[in-house]
Every structure is written in structure tokens, then in C-alpha cells.
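Worksheet: the structure to be examined is printed underneath.
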Amino acid sequence: MCVFCKIVEGEIPCNKILESDEFLCFHDANPRAPIHLLIIPKKHVENFQEMSPELMSAMTPFIQEVAKKMGVDLSGYRLLTNNGEDGGQEVPHFHFHLLGGTKLSWSHFTPDDTHKAL
Ligand code: 5GP
Ligand code: ZN
């Protein structure tokens, strides 16, 4: 079972923000911004390539509710998903990172030396 499935099952604790029948949002264990949340489907879906349009669609209002709950719906935030090996995905369970609470630069989510490779 993957680490996020263990969180869904309650085997690994998380700092929960919002939960529905299908989705869960909790704080990232290694925050890279004042607000850094993870939003996942409870069902194990490996990455974006495996997401159905139905599940993706159902996720939209859940994410919007998270943004409202965190008070960043108007100030702005960044949503991103690392997809597969080249995308830097470490946990093989589809998730969005929601970052906010400050004016974000690109370097908020890239290693310091990444720009040198571009
Ligand atoms: P990825 O690189 O797959 O897009 O991001 C995985 C994220 O999951 C990382 O930002 C990492 O800090 C976070 N993470 C990994 N394991 C755990 C965990 O057990 N609990 C929480 N809350 N976050 C985790
Ligand atoms: Zn999983």
C-alpha cells in the first residue's frame, strides 16, 4: 500500500484540512511555502495519466473549497502536480500540491540549482 493510501486508511496520521467521500486534503510534511497542502483522491490513482475525467471533474469543487477554507481563494495560490519520473513525482498516488500564503516565485518548488539546467 502506498504512503497516501496509508494516510487515507488512518495507518499514518496527517494534519487534515478537509475531507469528502472521495477526496482528502492535508498539510505537506515538508512545507515549501507558508501554506503547502496536498489534495488527493482517496482511491489509489497513480498519476495524472490515470485520472478519469469524472474524478478530475469531481475534484474541482473540492479544491475550490480548500482554497476558500484556507483564505487564499482571492489572494491566489499555486496548484501543481508532479507527474512521473521526469516530473519529479515521489509518491505514486496522484496529488495536487496547493501552495500559497505568500507571493510565490518559481523557485518555491524547484531545487536551487534547477534554473542552471534550463
Ligand atoms: P511529489 O514529489 O510526489 O509531488 O510530492 C510528494 C509530497 O508528499 C512531498 O512534498 C512530501 O513532503 C510529501 N509527503 C511524503 N510523505 C508524506 C507523509 O507521510 N505525510 C505528509 N503529510 N506528506 C508527505
Ligand atoms: Zn495510494
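Suppose R0 equals 22 Å; then what is the FRET efficiency for LYS43 and LEU80 from their Cβ-Cβ distance, rounded to the nearest 0.05? My answer for the efficiency is 0.60. By the helix-only formula, in which each DSSP H run with n ≥ 4 contributes -39500 (n - 2.57) and the sum is divided by residues, the chain has a 222 nm mean residue ellipticity of -7000 deg cm²/dmol. Note on the chain: along the principal axes its Cα atoms extend 41, 33, 29 Å, ordered by decreasing extent.
Report in % the part of the accessible area of the chain that belongs to carbon and sulfur, leaving out ligands and nucleic acids; probe 1.4 Å. Of the solvent-accessible surface of the chain, carbon and sulfur hold 51 percent.
Which FRET efficiency, nearest 0.05, do SER105 and ALA29 yield, Cβ-Cβ r, R0 30 Å?
Values: r = 22 Å, r/R0 = 0.74.
Step by step, r from the Cβ atoms, then E = 0.85.
Using 0.36 nm per residue and subtracting the Cα-Cα separation, the extra length available between GLN64 and GLU9 on full extension is 17.4 nm. Inter-label distance, LYS16 to CYS2: 2.1 nm, where each label sits 7 Å from its Cα along the C-beta direction.
The values are calculated or read from the model by the stated rules, or taken from the named source; none is laboratory data. Only a predicted model underlies this, so the values are computations on that prediction, with no experimental measurement involved. Note that each Cβ is placed from the backbone with ideal geometry, even for glycine, and that neighbours are counted across all protein chains shown. When the accessible area is computed, the model is the full protein with side chains, heavy atoms only, and any ligands, DNA or RNA have been set aside. Shrake-Rupley method; radii C 1.70, N 1.55, O 1.52, S 1.80 Å.
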